[in-house]
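For reference, the structure is listed below as structure tokens.
The values are calculated or read from the model by the stated rules, or taken from the named source; none is laboratory data. Because the structure is a prediction, the values reported are computed rather than measured. Because the Cβ atoms are built from the backbone with ideal geometry, glycine has one as well, and the counts that use them run over all protein chains shown. Only protein heavy atoms, including side chains, enter the accessible area calculation; ligands, DNA and RNA are left aside. Shrake-Rupley method; radii C 1.70, N 1.55, O 1.52, S 1.80 Å.
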Amino acid sequence: MRNISDVIEQYLKQVLKESQADTIEIKRQDIAKRFECVPSQINYVINTRFTVEKGYLVESKRGGGGYIRIRRVILSEKQDLLASLIDFLHEQPRLTEQVIENILVRLFEEGLLNEREVRLLFHVLSDESLGLHADDRHLIRRQQLLALMKLLSYR
């Protein structure tokens, strides 16, 4: 049985897919009522499932007239995707296993990596494989992913 976060994520992705635009605007309270959960659950889903590395931009406004706007970033070419991921990598101080997984899945979804390549790369960049101090792991992951982006841009 799926958990509530998975259900909310799938619902929002379906609404986004059915939208004529690549953007949806929701009210956190409305979604919370729909799924009979607390509004913080909606925040959790938005913050963990609709991230830049997964291909989404999120904008929110708090208060009575507040909203959450989710936009699927559709890139016209692989170079745009790679450039946005390179920018993202330079901005991130910590590259956790979850962030790495998100990036690799995005590259798979965009057809730049196959499933086997994703699994191999995730294993090579995992905490267990690197076995270093956390700061060193983040630095190595960043350098390895930047090298991967460069390699993919010439593929």
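Numerical summary
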item	result
Hits in the range 39-56 (condition: open to solvent by 70 Å² or more (accessible area, probe 1.4 Å) and closer than 18 Å to Glu109 by Cβ)	Val52
Qualifying position, being modelled with pLDDT under 90, over 18 Å from Ser153 (Cα atoms) and not small (Gly, Ala, Ser), among Gln20, Gln41, Gln98, Gln10	Gln20
Scan of the range 102-113 for residues that are among the hydrophobic types (A, V, I, L, M, F, W, C) and not in a helix (DSSP H, G or I), ordered by number	Leu112, Leu113
Residue selected from the range 1-22 under the condition of a type in the set (D, E, K, R) and in contact (Cβ under 8 Å) with a residue 12 or more places away in the chain, by the criterion most open to solvent (accessible area, probe 1.4 Å)	Asp22
Failed item, numbered, when Asn102 is tested on (1) closer than 27 Å to Gln14 by Cα; (2) free of Cβ contacts under 8 Å to residues at least 40 places away in the same chain	(2)
Number of the exception - Ile103 against (1) under 18 Å from the mean Cα position of the chain (by Cα); (2) open to solvent by 80 Å² or more (accessible area, probe 1.4 Å); (3) under 23 Å from Asp80 (Cα atoms)	(2)
Near pairs, Cβ below 9 angstrom, 6+ apart or cross-chain, from the range 110-127 (closer than 12 Å to Glu97 by Cβ) to any residue that is acidic (Asp, Glu) and assigned to a helix (DSSP H, G or I)	Phe122/Glu97; Phe122/Glu101; Leu125/Glu97; Ser126/Glu97; Asp127/Glu97
Residue check for Arg94: touching a His at 6+ places or on another chain (Cβ under 6 Å) and either in a strand (DSSP E or B) or in contact (Cβ under 8 Å) with a residue 24 or more places away in the chain (or both)	yes
One residue from Glu59, Glu25, Glu36 being open to solvent by 50 Å² or more (accessible area, probe 1.4 Å), in a strand (DSSP E or B), among the charged types (D, E, K, R) and without any contact (Cβ under 8 Å) to a residue 24 or more places away in the chain	Glu59
Test: residue in the range 88-96 that is surrounded by 15 or more Cβ atoms within 10 Å (Cβ to Cβ), among the hydroxyl-bearing types (Ser, Thr, Tyr) and within 29 Å of Leu121 (Cα to Cα)	no
Filter pass, Leu130 being more than 17 Å from the chain's Cα centre (by Cα), open to solvent by less than 60 Å² (accessible area, probe 1.4 Å), without any contact (Cβ under 8 Å) to a residue 24 or more places away in the chain and more than 18 Å from Glu53 (Cβ to Cβ)	yes
Residue in the range 1-22 that is farthest from Gln98 (Cα to Cα), counting only those that are assigned to a helix (DSSP H, G or I) and among the hydrophobic types (A, V, I, L, M, F, W, C)	Val15
Residue selected from the range 62-74 under the condition open to solvent by 50 Å² or more (accessible area, probe 1.4 Å) and in contact with a Leu (Cβ under 7 Å, 6 or more places away or on another chain), by the criterion modelled with the lowest pLDDT	Arg72
